[in-house]
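Working notes, structure below.
The values are calculated or read from the model by the stated rules, or taken from the named source; none is laboratory data. Quick caveat, the model's predicted, so the values are computed rather than measured. FYI the Cβ positions are ideal-geometry reconstructions off the backbone, even for glycines, and counts take in every protein chain you see.
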Amino acid sequence: MIIDAHTHTFPAAIAPKVIAHLQDKAESMAYTDGTDDALRHSMAQSGIDISVQLPVMTNTGQVEKLNDIAIQKNEHTPETGLFSLGGMHPDYEKYSEELTRIARAGITGIKLHPAYQGVDLEDIRFMRIIGKANELGLAVVIHAGLDIGIMHHNFASVKQIENVLNTLSPAKFVLAHMGGWKDWDCVEKELCGENVYFDTSFSLGAYVPPKGYDVPGDKRQMLGKSQFIRMIQKHGADKILFGSDSPWSAQAKSIQSIKNCRFTAEQEEMIFYRNAKRIFGI
């Protein structure tokens, strides 16, 4: 079994516009058209059983609408293989009521994206949301480290992550991109071994865009294989979740990159599906 714990899609009507905007912003290229149908096709080709979808809410008006879509999607997970988390925006005033509502509706976690939401992770607005989510037993997945399209400021630095851990002690706190994109030396030094989860999305090996497209050299360089393996051995495979960040990485290539690391069969099982099943209640 394989669970991809980090994917994104957009409604078919707006997917072309959103993908074009994000490609331009990140100077990168998507591997699919960003729709549910394209993700399911990729899953079928890659041997992925379930893809966890992470909605990113860039304004308060999206909160209830996108959470309703997540609730509806999860009613059909057995047929589609698509399992959605909810989300929250730091400026949404009724965050406590909304988090309670989605938890009662069966949503098991939320996604926060400090960079796209323009707020530092240690801001009181995020701290309140994370605290309430933890109280409700919800997993919290954050975009950790820099963002490929927002390189001027680290909205979720290791120091800020440590502040959250020390202040709130969240039980199911997942740091995307191996703990912090482009901040892996500090992650290895300060976060490996802590009570926090990493997902592997958009982190291992040089970023190779689809054929015919190029990206700046500083955005191509990712986490080296030896450091990736070392970090997982230090942190523990029981706290690692496989993720591709589809459509921004190819799911099949992401799987093969993990397999090329030659972890034990038990470690691969934890990384590829056991940890995600446990944390997200799949």
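Anything in region 87-113 that is touching a residue at least 40 places away in the same chain (Cβ under 8 Å) and within 30 Å of S46 (Cα to Cα)? List them, or say none.
Taking region 87-113 and keeping what is touching a residue at least 40 places away in the same chain (Cβ under 8 Å), we get 88, 107-109, 111, 113.
If the condition is that a residue be touching a residue at least 40 places away in the same chain (Cβ under 8 Å) and within 30 Å of S46 (Cα to Cα), then I107, T108, G109, K111, H113 are the ones that fit.
Could you look through region 1-36, keep only residues that are among the charged types (D, E, K, R) and surrounded by 13 or more Cβ atoms within 10 Å (Cβ to Cβ), and pick out the one that is farthest from H152 (Cα to Cα)? Talk me through it step by step, then tell me what you get.
If we filter region 1-36 for residues that are among the charged types (D, E, K, R), which is where we start, we get 4, 17, 24-25, 27, 33, 36.
Pick out the ones that are also surrounded by 13 or more Cβ atoms within 10 Å (Cβ to Cβ) and you get 4, 25, 27, 33, 36.
Values: D4: 29, K25: 13, E27: 15, D33: 28, D36: 32 Å.
Among those residues, the one meeting the criterion is D36.
I'd like to check something: does region 104-121 contain any residue that is among the acidic types (D, E), outside any loop (DSSP other than H, G, I, E, B) and within 28 Å of M231 (Cα to Cα)?
Within region 104-121, not a single residue is among the acidic types (D, E), outside any loop (DSSP other than H, G, I, E, B) and within 28 Å of M231 (Cα to Cα).
Just the residues that are crowded, with 23+ Cβ neighbours inside 10 Å and of a type outside the set (A, V, I, L, M), please, taken from region 42-52.
Listed by number, the list holds a single entry, S51.
Could you identify the single residue in G193, G212 that is in a loop (DSSP other than H, G, I, E, B), surrounded by fewer than 21 Cβ atoms within 10 Å (Cβ to Cβ) and at pLDDT 95 or above? Outline the logic, then answer.
Numbers: G212 fails: at pLDDT 95 or above.
Only one candidate passes the filter, namely G193.
Give the residues of region 58-97 that are within 19 Å of the chain's Cα centre (by Cα), assigned to a helix (DSSP H, G or I), more than 18 Å from A38 (Cα to Cα) and not polar (S, T, N, Q), sorted by residue number.
V63, L66, I71
Yes or no, residue by residue, for (1) over 17 Å from the mean Cα position of the chain (by Cα); (2) of a type in the set (V, I, T); (3) farther than 15 Å from G205 by Cα; (4) not in a loop (DSSP other than H, G, I, E, B):
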{"residue": "M231", "(1), (2), (3), (4)": "yes, no, no, yes"}
{"residue": "W248", "(1), (2), (3), (4)": "no, no, no, no"}
{"residue": "Q256", "(1), (2), (3), (4)": "yes, no, no, yes"}
{"residue": "E269", "(1), (2), (3), (4)": "yes, no, yes, yes"}
{"residue": "Y273", "(1), (2), (3), (4)": "no, no, yes, yes"}
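Within region 74-86, does at least one residue satisfy the condition of being buried (at least 19 other Cβ atoms within 10 Å of the Cβ), among the hydroxyl-bearing types (S, T, Y) and closer than 19 Å to V140 by Cα?
Yes - at least one qualifying residue is present in region 74-86.
Name the pairs whose Cβ atoms lie under 6 Å apart, with the first residue in region 202-231 and over 17 Å from W248 (Cβ atoms), the second in a strand (DSSP E or B) and modelled with pLDDT of 55 or more, and 6 or more positions between them or separate chains?
Partner pairs satisfying both residue conditions: F228/L204.
State whether the residues of region 139-159 include one that is acidic (D, E) and over 13 Å from the mean Cα position of the chain (by Cα). Walk me through how you get there before you give the answer.
In the first step, residues of region 139-159 are kept if they are acidic (D, E); the result is 147.
Cutting the leftovers down to over 13 Å from the mean Cα position of the chain (by Cα) gives us none.
Checked against the condition, which is being acidic (D, E) and over 13 Å from the mean Cα position of the chain (by Cα), region 139-159 yields no hits at all.
Counting only residues that are assigned to a helix (DSSP H, G or I) and out of contact with any strand residue (DSSP E or B) (no Cβ under 8 Å at 6 or more places or on another chain), which one in region 27-45 is nearest to L146 (Cα to Cα)? Can you show your working first?
Kept after step one, since they are assigned to a helix (DSSP H, G or I), are these residues of region 27-45: 36-45.
Still in the running and out of contact with any strand residue (DSSP E or B) (no Cβ under 8 Å at 6 or more places or on another chain): 37-38, 41, 44-45.
Numbers: D37: 29, A38: 27, H41: 30, A44: 31, Q45: 30 Å.
Among those residues, the one meeting the criterion is A38.
Tally up the residues in region 2-21 that are among the aliphatic types (A, V, I, L, M), within 19 Å of the chain's Cα centre (by Cα) and modelled with pLDDT of 85 or more, please.
4
Of all residues being at pLDDT below 95 and assigned to a strand (DSSP E or B) in region 137-180, which is surrounded by the most Cβ atoms within 10 Å (Cβ to Cβ)? Just the residue, please.
D147
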